[in-house]
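**Q** Dumping the structure here so I can ask a few things about it.
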Amino acid sequence: MTIDMSQFIAVFFDEAAEHLASLEALLLKLNVANPDAEELNAIFRAAHSIKGGAATFGFSDLTEVTHILENLLDRIRKHETVLRPEMVDVFLRTGDVLQDMLAAHRGQGDADAEAIVQVTRELAQFSNEDNPASSNERISIEIAAGDEFDMAALLRELTSHGEIIDYEHGDNARPWRFRIDSTQMSASILDSISFLINPERISISEGEESDAGYGLFTPAEKSESTSADEAYGFFEQITKPEETTNDGYGFFEPLPVKKDALVEGEGFGFFVPAESLPIRETVVPQAEVAVTLVSELNRRSGDRVAADRAPAGDKSDTSIRVSVEKVDQLLNLVGELVITQSMLAQNALQLDPVLHEKLLSGVAQLERNTRELQESVMSIRMMPISFVFNRYPRLVRDLAGKLNKQVELRMIGENTELDKGFIEKLSDPMTHLVRNSLDHGLETPEVRLAKGKPAQGNLTLKAFHQGGNIVIEVSDDGAGLNRERILAKAKERGFNVSDSMPDSEVWMLIFEAGFSTAAEVTDVSGRGVGMDVVRKNIQSMGGRVEIQSMAGVGSTISVRLPLTLAILDGMSIAASDELYIIPLTFIIESLQPRVIDIKGMAGRGNVINVRGEYLPLIALYEIFNLPSKVNSFEEGIAIILEAEGQKIALFVDNLLGQHQVVVKNLETNYRRVPGVAGATIMGDGHVAFILDVAALVQMAQQISPPNLIPVAA
Amino acid sequence: MDALMKDDDANRELLVFALGKEEYGIDILKVQEIRGYDAVTGIANAPNFIKGVINLRGNIVPIVDLRIKFSLGNVVYDQFTVVIIINVSQRTMGIVVDGVSDVMTLATDQLRAAPEFGSALDTAYILGLGTVEDRMIILVDIEKLMTSADMALVEAVAA
């Protein structure tokens, strides 16, 4: 039987990456002094799942490292070892090493062999030093009489746990008996051998050694179950020995994730760990294990589902993996459907409602269904922003250590969903912002204390919806931006600035390319490249960046993004004979200008007085060189637009209506057009251009110099 | 020319269209479809031969009028105006021509190198001249032509 394993391996890589990510997240969340049992279990499960998968696919190097990690974690969660902060550090580094190894297996780069050895040694060190019972214990194992099993694998497994002292061969009538000297707890031995043999057949006891702690309960061979987990009586241990190690459902959790392995015919691949997989002679006992486990699962899944989901907060086992292209294709098709539907609806309007009643109601229903379908498909692309946020606890922790700062990172609204396309593009600019806040924003503990602030700084990442936008804020309670320094630097670099500029404009200066006020360039930030990139990236996503800052109190940088790349809310406007769409997010208001409010600026075009504020008035037909169809400003509409903290009034002929439009890229088949962000297809099948407001604002500034704009009346 | 000569075993199939009195041929594999001229949305500040973009089943496709570009033929737009939709360098675009006459196969021995002048097109974009009976077909390297800086259709060159 030859099976194409590559697809399963790909799934394993994806899953392992996910497990590593959750491992890291959990470790960072962990309260070292008083770790939460559920969290420890989850960490253990993540390590265990990686090990299981790695073993199944024969990545023995991964298995080795995770095995040590798993053992240590196992002991910690059983309170046999006390968790210490250094351990978390080593665990995190182990996670990094595993990630490198995974990448190496994927054919991306090489794993650092030295680092592997290093973490392995450190992990082993923790295992040894915290193992006071390293004196060997005699453990007796008895396997009930019955079918043959894989003796070779069992012996290998036992040898890995300790030294085999005594061994008695069994058969259909006689039980097999082993006695081994081991430093490990009998529970962990039971754990590992129950992969090989139906656990119901195994009985295990800590032989001659009597432990004061539970000696009283040791008369039977089941003593260890009480020691391993008090919550489950020893009779549980016989039927479901795995459960003594987890708290009930933990063991079964990985199964649904491995569904494909199960279906694939190799069967229960997951339950057969590395050690036994290569040896196929004795399939029967393995099958038995699988059957019991599966039926167990079926029975349990009913009453445990709720409990299973809630604490783990794990959605992965009910999801499927679909390539992004497929989703995009679906989205495109739905976009087409929406256009076709509105075309139909428009044509249907011309029909006599009495004669065509049925057709019209059909069209109305089609509209409803299309809308719902569109929303559903859109939601497929939506992912929680935690995918971006999750990398920051680690980054902040590492950076804070490097910079000798104390930081508490708070994340709010991680479940806010946004388009997958944004998730990918967002991580770069966000990283810059976070680093910036840490490096330039937050002060060192000494400075903070001197200023009367708590030594520990706060860094908050927050995501929320506002109108049709998603807003992401990075705020710190650090020193805030230094207005004087920014202005001085701007003058030094020859920017057109004045001391009377409002704060909002001064802050925007830090987004200029090559602008850095950092006294020294560190390896963290200060080269003045970052913020420039931030603004570019955010703008390319159709969003904008705003800064609020107060000296000594802190600063907040907010990134405002549309909900999705593919669809936007727009206002359709007419200029000359053309129809254009302006994204609603940029529109502040629209008004009918009065002639007395419009003033000419010698050779600089016009400005309009909007409630005491003079804004440059730009006629769209002028920018686009269209024939003018209006004779005076009073015949048209001025739309007040804001982008990058600048406001302009755009003069158009008329407002037509508000639409949801499907954004099409103009550059697929053509090139970029100045002032145009993209195109869309209107209900009648015509193409309409979507205006690029940020570019229009810039065009406006070329007409009137910037220092004329903010002069208040 | 060389590229054309090399795969001479498979004779080139050409779509022949007219611009004014001249007949031009382009590789038929580059042609996606032929359609009428309809519902073009003008692009601001674009050269006059770029008529605008159309909605081709959900794709935004630019339309270039070769008659304006090469000052050939009568520039009128009616129900007989023909647009050839072509696929060049992973892009889809449309060209407006005076008319499409036929599809023909040219053998290598029917091809001659183009003289230095003699057509409205720069010889750089001409692969050769084909002779079929007493007609002369000008073989155009449509990919090179459409992605050239002259056309201002493609970002890299236009910028």
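**Q** Can you pull out the residues in the range A:639-675 that are crowded, with 21+ Cβ neighbours inside 10 Å and touching a Gly at 6+ places or on another chain (Cβ under 9 Å)?
**A** A:PHE651, A:VAL652, A:ASP653, A:VAL661, A:VAL662, A:VAL663, A:LYS664, A:LEU666
**Q** Return the total of residues in the range A:653-678 being modelled with pLDDT of 80 or more, in a strand (DSSP E or B) and facing chain B (nearest Cβ under 10 Å).
**A** 3
**Q** Cβ-Cβ below 8 Å, separation at least six or inter-chain, first residue in the range A:330-353 and within 11 Å of another protein chain (Cβ to nearest Cβ) and within 14 Å of A:VAL377 (Cβ to Cβ), second not in a helix (DSSP H, G or I) and not β-branched (Val, Ile, Thr): which pairs?
**A** Between residues of the range A:330-353 that are within 11 Å of another protein chain (Cβ to nearest Cβ) and within 14 Å of A:VAL377 (Cβ to Cβ) and residues that are not in a helix (DSSP H, G or I) and not β-branched (Val, Ile, Thr), the close pairs are A:ASN332/B:GLY58; A:GLY335/A:ALA566; A:GLY335/B:GLY58; A:GLU336/B:ARG57; A:GLU336/B:GLY58.
**Q** Now a separate question. Say we look at the range B:84-101 and pick out the residues that are under 15 Å from B:ILE142 (Cα atoms) and more than 14 Å from chain A (Cβ to nearest Cβ); which of these is surrounded by the fewest Cβ atoms within 10 Å (Cβ to Cβ)?
**A** B:ILE84
**Q** I'm trying to understand the selection: among the residues of the range A:384-418, which are touching a Phe, Trp or Tyr at 6+ places or on another chain (Cβ under 9 Å) and within 30 Å of A:ILE567 (Cβ to Cβ)?
**A** Step one: filter the range A:384-418 for residues touching a Phe, Trp or Tyr at 6+ places or on another chain (Cβ under 9 Å), giving A:385, A:388, A:409, A:411-414, A:416.
Scanning the range A:384-418 gives A:ILE385, A:VAL388, A:MET411, A:ILE412, A:GLY413, A:GLU414, A:THR416.
**Q** Out of all the residues in the range B:128-135, is one or more within 19 Å of B:PHE17 (Cβ to Cβ), modelled with pLDDT of 85 or more, assigned to a loop (DSSP other than H, G, I, E, B) and away from chain A (no Cβ under 14 Å)?
**A** no
**Q** Right, here's the next one. Being open to solvent by 30 Å² or more (accessible area, probe 1.4 Å) and either closer than 19 Å to A:ARG535 by Cα or polar (S, T, N, Q) (or both) is the filter here, so list the residues in the range A:432-452 that pass it.
**A** A:HIS432, A:ARG435, A:ASN436, A:HIS440, A:THR444
**Q** Taking into account only those residues within the range A:110-129 that are free of Cβ contacts under 8 Å to residues at least 24 places away in the same chain and among the acidic types (Asp, Glu), which is farthest from A:LEU72 (Cα to Cα)?
**A** Result: A:ASP110.
**Q** Tell me, yes or no, whether the range B:102-112 has at least one residue that is polar (S, T, N, Q), away from chain A (no Cβ under 14 Å), open to solvent by less than 60 Å² (accessible area, probe 1.4 Å) and touching a residue at least 60 places away in the same chain (Cβ under 8 Å).
**A** Yes, that holds for at least one residue.
**Q** Shifting gears a bit: Please verify whether the range A:29-40 includes one or more residues that are out of contact with any Gly (no Cβ under 6 Å at 6 or more places or on another chain), surrounded by 23 or more Cβ atoms within 10 Å (Cβ to Cβ) and of a type outside the set (D, E, K, R).
**A** no
**Q** While we're on this one: For the range A:579-617: of the residues being over 24 Å from A:LEU561 (Cβ atoms), among the polar types (S, T, N, Q) and part of a strand (DSSP E or B), which is farthest from the chain's Cα centre (by Cα)?
**A** Once the filter is applied, the top-ranked residue is A:ASN606.
**Q** Would you say A:ILE50 is β-branched (Val, Ile, Thr) and modelled with pLDDT of 80 or more? Step through it out loud before you land on a result.
**A** Details: β-branched (Val, Ile, Thr): yes; modelled with pLDDT of 80 or more: yes.
Yes; evaluated as a whole, the condition is true for this residue.
**Q** Starting from residues that are touching a residue at least 60 places away in the same chain (Cβ under 8 Å) and of a type in the set (A, V, I, L, M), keep the ones in the range B:17-66 and report whichever is farthest from B:ARG135 (Cα to Cα).
**A** B:ALA46
**Q** Do we find a residue being farther than 26 Å from A:PHE389 by Cβ, open to solvent by less than 60 Å² (accessible area, probe 1.4 Å) and in a helix (DSSP H, G or I) anywhere in the range A:76-89?
**A** Within the range A:76-89, one or more residues are farther than 26 Å from A:PHE389 by Cβ, open to solvent by less than 60 Å² (accessible area, probe 1.4 Å) and in a helix (DSSP H, G or I).
**Q** Here are the criteria: (1) closer than 16 Å to A:VAL396 by Cβ; (2) touching a strand residue (DSSP E or B) at 6+ places or on another chain (Cβ under 9 Å). Tell me which single one A:THR431 does not satisfy.
**A** (2)
**Q** Residue check: is A:VAL693 in contact (Cβ under 8 Å) with a residue 24 or more places away in the chain and in contact with a Phe, Trp or Tyr (Cβ under 9 Å, 6 or more places away or on another chain)? Working first, answer last.
**A** Values: in contact (Cβ under 8 Å) with a residue 24 or more places away in the chain: yes; in contact with a Phe, Trp or Tyr (Cβ under 9 Å, 6 or more places away or on another chain): yes.
For A:VAL693, the condition - in contact (Cβ under 8 Å) with a residue 24 or more places away in the chain and in contact with a Phe, Trp or Tyr (Cβ under 9 Å, 6 or more places away or on another chain) - is met.
**Q** For the subset of the range A:395-431 comprising residues that are of a type in the set (Lys, Arg) and under 20 Å from A:ASN537 (Cα atoms), which member is least open to solvent (accessible area, probe 1.4 Å)?
**A** For the range A:395-431, the residue satisfying everything is A:LYS420.
**Q** Consider A:PHE57 against the criteria (1) closer than 24 Å to A:TYR392 by Cβ; (2) open to solvent by 30 Å² or more (accessible area, probe 1.4 Å): it satisfies all of them except one. Which criterion is unmet?
**A** (1)
**Q** Taking interchain pairs and intrachain pairs at least six residues apart, which have beta carbon atoms under 7 angstrom, with the first residue in the range A:440-465 and under 27 Å from A:LEU418 (Cα atoms) and the second open to solvent by less than 20 Å² (accessible area, probe 1.4 Å) and of a type in the set (Asp, Glu)?
**A** Partner pairs satisfying both residue conditions: A:ASN458/A:ASP476; A:LEU459/A:ASP476.
**Q** Report, by residue number, each residue of the range A:367-394 that is open to solvent by 40 Å² or more (accessible area, probe 1.4 Å) and part of a helix (DSSP H, G or I).
**A** Result: A:GLU367, A:ARG368, A:ASN369, A:ARG371, A:GLU372, A:LEU373, A:GLU375, A:SER376, A:SER379, A:ILE380, A:PHE387.
**Q** Mind checking which residues of the range A:432-485 are closer than 21 Å to A:LYS536 by Cβ and β-branched (Val, Ile, Thr)?
**A** A:VAL434, A:ILE470, A:VAL471, A:ILE472, A:VAL474, listed by residue number.
**Q** Every residue in the range A:341-360 that is assigned to a helix (DSSP H, G or I), open to solvent by 70 Å² or more (accessible area, probe 1.4 Å) and either farther than 30 Å from A:ASP328 by Cα or among the polar types (S, T, N, Q) (or both), please. Can you show your working first?
**A** Filtering the range A:341-360 down to residues assigned to a helix (DSSP H, G or I) leaves A:341-348, A:357-360.
Checking which are open to solvent by 70 Å² or more (accessible area, probe 1.4 Å) leaves us with A:344, A:346-347, A:357-359.
Residues satisfying the conditions are A:GLN346, A:ASN347, A:GLU357, A:LYS358, A:LEU359.
**Q** If we keep just the residues of the range B:34-60 that are open to solvent by 40 Å² or more (accessible area, probe 1.4 Å) and on the phi > 0 side of the Ramachandran plot, which is farthest from the other protein chains (Cβ to nearest Cβ)?
**A** B:ARG57
Quick grid of which residues meet (1) in contact with a strand residue (DSSP E or B) (Cβ under 8 Å, 6 or more places away or on another chain); (2) in contact (Cβ under 8 Å) with a residue 24 or more places away in the chain; (3) under 17 Å from A:HIS432 (Cβ atoms):
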{"position": "A:ILE380", "(1), (2), (3)": "no, yes, no"}
{"position": "A:MET383", "(1), (2), (3)": "yes, yes, no"}
{"position": "A:PHE389", "(1), (2), (3)": "yes, yes, yes"}
{"position": "A:GLY401", "(1), (2), (3)": "no, no, no"}
{"position": "A:ASN404", "(1), (2), (3)": "no, yes, no"}
{"position": "A:LEU409", "(1), (2), (3)": "yes, yes, yes"}
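The values are calculated or read from the model by the stated rules, or taken from the named source; none is laboratory data. These numbers come from a predicted model, not from an experiment. Quick reminder, even Gly has a Cβ in these numbers, built from the backbone with ideal geometry, and neighbours come from all protein chains shown. Surface accessibility is based on the protein's heavy atoms, side chains included, excluding ligands, DNA and RNA. Shrake-Rupley method; radii C 1.70, N 1.55, O 1.52, S 1.80 Å.
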